[in-house]
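A short write-up of the structure that comes next.
The values are calculated or read from the model by the stated rules, or taken from the named source; none is laboratory data. Just so we're clear, the structure is a prediction, and the values are computed from it rather than from any experiment. Neighbour counts run over all protein chains shown; Cβ positions are idealised from the backbone, glycine included. Please note that ligands, DNA and RNA were not included when accessible areas were found on the heavy atoms of the full protein model with its side chains. Shrake-Rupley method; radii C 1.70, N 1.55, O 1.52, S 1.80 Å.
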Amino acid sequence: MNSPDADRRSVVLESAMATFARFGYRKTSMEEVARAAHISRPGLYFLFSSKETLFRAAVTQALDRDMTAVEQILADCGRPLPERLVEAFDRWAGRYIGGPLTHDVVTVVEDHPDLLGEIVETTPRRFELLITDAIAVESGREAAVPVAQTLISTSIGLKHQVASRESYLERLAVAVGLLVR
């Protein structure tokens, strides 16, 4: 069970991520985040010493939640692997396609890798490893690596081609069906 302080911090980070997505990193002020989080500006500065620190923490929380969800999805061996893979990719990338602010969230993160540090490198590697491990259970490690890499490349391409989450999922399911048996 989380402490009230941890819960408060989590709510502030969620509000911050939504505010950064809405206004972009540069135009977001600590005042805007404080207002969205229903906290005083001094209270926000008590939790986070700078906008950069707040941004890094908000993105880190979002990515950590996504990775935890991906791990749980892939670990559910009672479901067929193709179904788990599509759901894992949906959690990783699909849910950021087509919504009113979803493009902005991705853009804010992609436009400011310098602010985020190593998490922009380590989290995608971790995702690739999780996908590879899930495929390897059924097809062996050697066969799993190129399949996982191809699915990730497909996902990246689809993110830039499709206008909706539904289209992303439909086309990704085709790719998974062709590559994973």
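If you take the square roots of the eigenvalues of the alpha-carbon gyration tensor of the range 110-181 and sort them as a ≥ b ≥ c, do you get rounded (a/c under 1.5), prolate (a/b over b/c) or oblate?
In terms of gyration-tensor shape, oblate.
Taking 0.36 nm per residue of sequence separation and subtracting the Cα-Cα distance, how much length would be gained by fully extending the chain between residue 114 and residue 143, in nm to one decimal?
Numbers: separation 29, 0.36 × 29 = 10.44 nm, distance 3.45 nm.
Gain on stretching residue 114 to residue 143: 7.0 nm.
Leaving out ligands, DNA and RNA, and with a 1.4 Å probe, what % of the accessible surface on the range 1-104 is carbon or sulfur?
Numbers: 2990 of 5570 Å².
Carbon-and-sulfur percentage of accessible area, whole number: 54.
How many Å² of accessible area per residue for the chain, probe 1.4 Å?
Value returned for the chain: 55 Å² of accessible area per residue.
Among 12, 34, 67, which residue has its Cα positioned farthest towards the positive end of the charge dipole of the range 12-87, with +1 placed on the Cβ of Lys and Arg, -1 on the Cβ of Asp and Glu, and the dipole taken about the Cα centre?
Working it through, the farthest residue towards the positive pole turns out to be 34.
Tell me whether the range 1-68 comes out rounded, prolate or oblate; compute the Cα gyration tensor, take square roots of the eigenvalues as a ≥ b ≥ c, and use a/c under 1.5 as the rounded threshold.
Oblate.
I'd like the Kirkwood hydrodynamic radius of the chain, using the inverse of the mean 1/r over distinct C-alpha pairs, in Å.
17.6
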